[in-house]
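Undergrad: My questions all concern the structure below.
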Amino acid sequence: MTPVRALLTREIRLAVRAGGGAGLGLAFFLIVVLLAPLGIGPDQTLLAQVAPGLLWVAALLACLLSLDRLFQADHEDGTLDILALSPLPLEGVVAIKALAHWLTTGLPLVIAAPVLALTLNLPDAAQPMLILGLLLGTPALSAIGAVGAAITVGLRRGGLLLSLLVLPLYVPTLIFGAQIASRAADGLAAGASLPFLAGTSLLALAAGPFVAAAALRVNLR
Amino acid sequence: MDLIVNHLSCERGGRRILADVALRLAPGQGMALRGPNGVGKSTLIRALCGLIPSGGQATLGEFELGSDGWLDNIAYTGHRDAIKAALSVVENLQFWADLYGGNADAALERFDLSAIADRPAGLCSAGQKRRLGLARLALGNRRLWLLDEPTVSLDAQHTALFAGVLAQHLGQGGLAIIATHIDLGLDLHPHVLAPATASPSTESDPFLAGEFY
């Protein structure tokens, strides 16, 4: 197996085994979205109106939930030292770990979102744009989150600091992503939000691994 | 491939841990790092890995410390074994074999781990985990082994087994620097680290130098 595939397989295997927390984000997403109608009430037009924003906020927080273990577990057991000395560049290690995080956290959210959107009475016309928006936006959540996770890797209970660091950076993704779905619900074209969302994701994917690797190097000293 | 270290110095948190360390190792030579707790044995080993920034010169053959060639020629084991409890013994080592090259089954055999290859690593004893951590050394064909207290929690029989592996590595022209408090029964050159008394002439930490505004 090539190093890249070996690391990716290992990350996914660790995530789905006991204590890995792969289902955590998805379970949180389900709970928030299914509880929302109970809290807001059975007003169908109101639910349809808040559905895009609610789905996006829930997806964002679900992603955040599993981020603090992204590098911390490897740091605690010394794996990060050995990974840093391996033939794979640390930037590549970060990129693969972020990809594995997306595959085990972001992708399940994208798959579950259309079903949950039905329970919130999101118009059918908005479904494709919701899925497209989540597909484009969730990789950015993992990539930006990797930077926050790398900065807070040495801290125990660093989850609070991680949230404070990362959530402001999630704002553009949230605004453009929710905008795409709610415009489609109103029967409008996505407009500028779609390229902006894609641009935010590309920037995060391009810069994230380098920033996170630099932060990890400092934390390994 | 000789290891030559000159004037190596290292600071952590504004405090000089290592000052003016000089080492020289020829192929086939091992060095036992000795010194009281906190004198900088682990720091020296991590500095030679390139994990901690250091001053001075260190070369391994034609490779400078920190270059890719240097990284391709060192193997490091630290206090922690880099083992995932959720993976089995063989899965743990196979991952490192995929990353570093080498044959995981042969390495397991070498460290007397074949019998427990399918056991979840979380259920292994401390000594078995340590052997699994050390088995990584037998994977790639790395010239310089940097070992930080490798025999902790090993029993007498497996300490001897590890000494045998180390002797074979040295016999094949490898080099090793071992921070250890015990006698492995090998002909290792002792190197006693003395506490660095001289404080840094120039403060490298901008906060401590008063340049934080």
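The values are calculated or read from the model by the stated rules, or taken from the named source; none is laboratory data. Only a predicted model underlies this, so the values are computations on that prediction, with no experimental measurement involved. Using ideal geometry, Cβ is built from the backbone for each residue, glycine included, and neighbour counts are taken over all protein chains shown.
Undergrad: Checking the structure you have, find out if any residue of the range A:130-152 is outside any helix (DSSP H, G or I), touching a residue at least 12 places away in the same chain (Cβ under 8 Å) and within 30 Å of A:Asp81 (Cβ to Cβ).
TA: Within the range A:130-152, the subset outside any helix (DSSP H, G or I) is A:152.
Remaining after also requiring touching a residue at least 12 places away in the same chain (Cβ under 8 Å): A:152.
Add one more test, that the residue is within 30 Å of A:Asp81 (Cβ to Cβ), and what stays is A:152.
Looking through the range A:130-152, at least one residue is outside any helix (DSSP H, G or I), touching a residue at least 12 places away in the same chain (Cβ under 8 Å) and within 30 Å of A:Asp81 (Cβ to Cβ).
Undergrad: With respect to B:Arg143, determine if the residue is among the basic types (Lys, Arg) and within 30 Å of B:Gly38 (Cα to Cα). Even if it seems obvious, please write down each step before you answer.
TA: Working: among the basic types (Lys, Arg): yes; within 30 Å of B:Gly38 (Cα to Cα): yes.
Considered against the rule, which asks whether it is among the basic types (Lys, Arg) and within 30 Å of B:Gly38 (Cα to Cα), B:Arg143 comes out as yes.
Undergrad: Does B:Ile116 meet the test of being more than 13 Å from chain A (Cβ to nearest Cβ) and not basic (Lys, Arg)? Spell out the reasoning first.
TA: Working: more than 13 Å from chain A (Cβ to nearest Cβ): yes; not basic (Lys, Arg): yes.
Yes.
Undergrad: Could you please find all residues in the range A:106-152 being of a type in the set (S, T, N, Q) and surrounded by 22 or more Cβ atoms within 10 Å (Cβ to Cβ)?
TA: Scanning the range A:106-152 gives A:Thr138, A:Ser142, A:Thr152.
Undergrad: Please enumerate the residues belonging to the range A:1-26 that are among the aliphatic types (A, V, I, L, M) and within 17 Å of A:Thr79 (Cα to Cα). Show your work before the answer.
TA: If we filter the range A:1-26 for residues that are among the aliphatic types (A, V, I, L, M), which is where we start, we get A:1, A:4, A:6-8, A:12, A:14-16, A:18, A:22, A:24, A:26.
Once the filter is applied, which keeps residues that are among the aliphatic types (A, V, I, L, M) and within 17 Å of A:Thr79 (Cα to Cα), the range A:1-26 yields A:Val4, A:Ala6, A:Leu7, A:Leu8, A:Ile12, A:Leu14, A:Ala15.
Undergrad: So, of the residues in the range A:10-29 that are away from every other protein chain (no Cβ under 14 Å) and surrounded by fewer than 18 Cβ atoms within 10 Å (Cβ to Cβ), which turns out to be modelled with the highest pLDDT?
TA: Per the stated criteria, the residue is A:Ala27.
Undergrad: Right, next: Mind telling me which of the residues A:Leu64, A:Leu47, A:Leu70 ends up being surrounded by 17 or more Cβ atoms within 10 Å (Cβ to Cβ), of a type outside the set (Asp, Glu), under 14 Å from A:Ala185 (Cα atoms) and touching a residue at least 24 places away in the same chain (Cβ under 8 Å)?
TA: Details: A:Leu64 fails: under 14 Å from A:Ala185 (Cα atoms); A:Leu70 fails: under 14 Å from A:Ala185 (Cα atoms).
Exactly one of A:Leu64, A:Leu47, A:Leu70 is surrounded by 17 or more Cβ atoms within 10 Å (Cβ to Cβ), of a type outside the set (Asp, Glu), under 14 Å from A:Ala185 (Cα atoms) and touching a residue at least 24 places away in the same chain (Cβ under 8 Å), namely A:Leu47.
Undergrad: Might you check whether a residue that is in contact with a Phe, Trp or Tyr (Cβ under 8 Å, 6 or more places away or on another chain), farther than 19 Å from B:Ala138 by Cβ, without any contact (Cβ under 8 Å) to a residue 12 or more places away in the chain and outside any loop (DSSP other than H, G, I, E, B) occurs anywhere in the range B:66-78?
TA: Yes, there is a match, as at least one residue in the range B:66-78 is in contact with a Phe, Trp or Tyr (Cβ under 8 Å, 6 or more places away or on another chain), farther than 19 Å from B:Ala138 by Cβ, without any contact (Cβ under 8 Å) to a residue 12 or more places away in the chain and outside any loop (DSSP other than H, G, I, E, B).
Okay, residues lined up against (1) more than 14 Å from chain B (Cβ to nearest Cβ); (2) in contact with a Gly (Cβ under 7 Å, 6 or more places away or on another chain):
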| position | (1), (2) |
| --- | --- |
| A:Asp77 | no, no |
| A:Asp81 | no, yes |
| A:Leu85 | no, no |
| A:Val93 | no, no |
| A:Ala98 | yes, yes |
| A:Thr105 | yes, yes |
| A:Gln127 | yes, no |
| A:Gly133 | yes, yes |
| A:Thr138 | yes, yes |
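Undergrad: Next up: Quick one: is A:Leu83 at pLDDT 90 or above, closer than 27 Å to B:Leu71 by Cβ and touching an Asp or Glu at 6+ places or on another chain (Cβ under 8 Å)? Walk me through how you get there before you give the answer.
TA: Details: at pLDDT 90 or above: yes; closer than 27 Å to B:Leu71 by Cβ: yes; touching an Asp or Glu at 6+ places or on another chain (Cβ under 8 Å): yes.
The answer is yes for A:Leu83.
Undergrad: Which number in (1) under 22 Å from B:His189 (Cα atoms); (2) among the small types (Gly, Ala, Ser); (3) surrounded by fewer than 21 Cβ atoms within 10 Å (Cβ to Cβ) marks the one condition that B:Gly66 misses?
TA: Result: B:Gly66 passes all but (1).
Undergrad: Are any residues in the range B:79-95 closer than 24 Å to B:Gln157 by Cβ and in contact with a helix residue (DSSP H, G or I) (Cβ under 6 Å, 6 or more places away or on another chain), and if so, which ones?
TA: Within the range B:79-95, the first condition is being closer than 24 Å to B:Gln157 by Cβ, and the residues that meet it are B:79-83, B:88-90, B:92-93.
B:Asp81, B:Ala82, B:Ile83, B:Val89, B:Asn92, B:Leu93 - these are the residues of the range B:79-95 that are closer than 24 Å to B:Gln157 by Cβ and in contact with a helix residue (DSSP H, G or I) (Cβ under 6 Å, 6 or more places away or on another chain).
Undergrad: Based on this model, can you work out whether B:Arg136 counts as under 24 Å from B:Arg34 (Cβ atoms) and either touching a Pro at 6+ places or on another chain (Cβ under 8 Å) or crowded, with 22+ Cβ neighbours inside 10 Å (or both)?
TA: The answer is no for B:Arg136.
Undergrad: Shifting gears a bit: In the list B:Leu186, B:Leu132, which residue meets the criterion of being among the aliphatic types (A, V, I, L, M) and modelled with pLDDT of 90 or more?
TA: Testing whether each residue is among the aliphatic types (A, V, I, L, M) and modelled with pLDDT of 90 or more leaves just B:Leu132.
Undergrad: Could you pull out the residue among B:Gly30, B:Gly50 that is over 30 Å from A:Gly19 (Cβ atoms), under 16 Å from the mean Cα position of the chain (by Cα), away from every other protein chain (no Cβ under 11 Å) and crowded, with 18+ Cβ neighbours inside 10 Å?
TA: Going through B:Gly30, B:Gly50 in turn, the sole match is B:Gly30.
Undergrad: Condition first: of a type in the set (A, V, I, L, M) and on the phi > 0 side of the Ramachandran plot. Now tell me which residues in the range B:63-112 satisfy that.
TA: If the condition is that a residue be of a type in the set (A, V, I, L, M) and on the phi > 0 side of the Ramachandran plot, then B:Ala82 is the only one that fits.
Conditions (1) within 30 Å of A:Leu83 (Cβ to Cβ); (2) of a type in the set (Phe, Trp, Tyr); (3) more than 15 Å from the chain's Cα centre (by Cα); (4) at pLDDT below 95, marked per residue:
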{"site": "A:Leu169", "(1), (2), (3), (4)": "yes, no, no, yes"}
{"site": "A:Gln179", "(1), (2), (3), (4)": "no, no, yes, yes"}
{"site": "A:Ala184", "(1), (2), (3), (4)": "no, no, yes, yes"}
{"site": "A:Ala189", "(1), (2), (3), (4)": "no, no, yes, yes"}
{"site": "A:Ala192", "(1), (2), (3), (4)": "no, no, yes, yes"}
{"site": "A:Leu197", "(1), (2), (3), (4)": "no, no, no, yes"}
{"site": "A:Leu202", "(1), (2), (3), (4)": "yes, no, no, no"}
{"site": "A:Arg217", "(1), (2), (3), (4)": "yes, no, yes, yes"}
